[in-house]
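Working notes, beginning with the structure itself.
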Amino acid sequence: MRKLTAVLVVLLVLIAGFAAWFVLGGTLRAQVYIQTAKAADYPEAYGAIRSLLASGSAPQSFADPNLPEDPSAYTLVDVNLTLTNRGLFPAEWLDIRAEAEPGDIAVYALTGEGSDVPARDSASVDLKLITTAPADAARTIRVQYYVHGMKREITVR
């Protein structure tokens, strides 16, 4: 009877360990690098952003997309997220969304290395937005993804 109990305890510990490994093993970690620039310093880029927003092609819009000719009140923010997956399962179907802060106009570009982060690997995503908020304003970015059909989310500030 004691041998059976010992075997069942070992089996229970293994199952609990595997469950914890599965739940914790698919968690993404994010490192954030932010660069800002005054839109007035890049008039050609500002013109392209105006055209993109007017056409309705921006990945996210938070305010009136009709920007004036004068770029002096606007700041361009480039947010680079490096997502690291230390687990043994891939993070799939990434959905990256910025939450609007007062003064944010739109996310005008969202580029990256695909919609998945392979197991034991990393991926980089760039999110570019235009805003009237101060350059050092806090931003919140939500990254939703799936690991074996389980929806997960991380919030990056």
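The values are calculated or read from the model by the stated rules, or taken from the named source; none is laboratory data. Only a predicted model underlies this, so the values are computations on that prediction, with no experimental measurement involved. Because the Cβ atoms are built from the backbone with ideal geometry, glycine has one as well, and the counts that use them run over all protein chains shown.
Which numbered condition trips up residue 46, out of (1) surrounded by 14 or more Cβ atoms within 10 Å (Cβ to Cβ); (2) hydroxyl-bearing (Ser, Thr, Tyr); (3) in contact with a Ser or Thr (Cβ under 9 Å, 6 or more places away or on another chain)?
(3)
Regarding residue 153, is this residue assigned to a loop (DSSP other than H, G, I, E, B) and not small (Gly, Ala, Ser)? Explain how you work it out, then say what you get.
Values: assigned to a loop (DSSP other than H, G, I, E, B): no; not small (Gly, Ala, Ser): yes.
Judged against the criteria, residue 153 is not a match.
Any residue at all in segment 97-112 that is hydrophobic (A, V, I, L, M, F, W, C), modelled with pLDDT of 90 or more and exposed (fewer than 14 other Cβ atoms within 10 Å of the Cβ)?
No.
Filter segment 62-71 down to residues that are more than 14 Å from residue 103 (Cβ to Cβ) and in contact with a Leu (Cβ under 9 Å, 6 or more places away or on another chain), then give me how many there are.
The first filter runs over segment 62-71 and keeps only residues more than 14 Å from residue 103 (Cβ to Cβ), leaving 65-66, 68-71.
Applying the additional criterion that residues be in contact with a Leu (Cβ under 9 Å, 6 or more places away or on another chain) yields 65-66.
Residues in segment 62-71 being more than 14 Å from residue 103 (Cβ to Cβ) and in contact with a Leu (Cβ under 9 Å, 6 or more places away or on another chain): 2 in total.
Would you call residue 2 buried (at least 16 other Cβ atoms within 10 Å of the Cβ) and among the basic types (Lys, Arg)?
The answer is no for residue 2.
I need the full set of residues from segment 131-143 which are at pLDDT 90 or above, within 17 Å of the chain's Cα centre (by Cα) and surrounded by 14 or more Cβ atoms within 10 Å (Cβ to Cβ), in order please.
141, 143
Return a yes/no flag: does segment 72-79 have any residue that is among the hydrophobic types (A, V, I, L, M, F, W, C), at pLDDT 90 or above and out of contact with any Leu (no Cβ under 6 Å at 6 or more places or on another chain).
Yes: one or more hits.
Among (1) modelled with pLDDT under 90; (2) surrounded by 14 or more Cβ atoms within 10 Å (Cβ to Cβ); (3) of a type outside the set (D, E, K, R), there is one condition residue 117 misses while meeting the rest; what is its number?
Evaluating residue 117 over (1) modelled with pLDDT under 90; (2) surrounded by 14 or more Cβ atoms within 10 Å (Cβ to Cβ); (3) of a type outside the set (D, E, K, R) leaves (1) as the failure.
Looking only at segment 5-20, count every residue that is surrounded by 10 or more Cβ atoms within 10 Å (Cβ to Cβ) and more than 44 Å from the chain's Cα centre (by Cα) and tell me the total.
Narrowing segment 5-20 to residues surrounded by 10 or more Cβ atoms within 10 Å (Cβ to Cβ): 6-20.
Then drop every residue that is not more than 44 Å from the chain's Cα centre (by Cα), which leaves 6-7.
Total satisfying the criteria: 2.
Cβ-Cβ below 7 Å, separation at least six or inter-chain, first residue in segment 136-151 and free of Cβ contacts under 8 Å to residues at least 40 places away in the same chain, second surrounded by 13 or more Cβ atoms within 10 Å (Cβ to Cβ) and assigned to a strand (DSSP E or B): which pairs?
Listed by first residue and then by second, the contacts come to 151/144.
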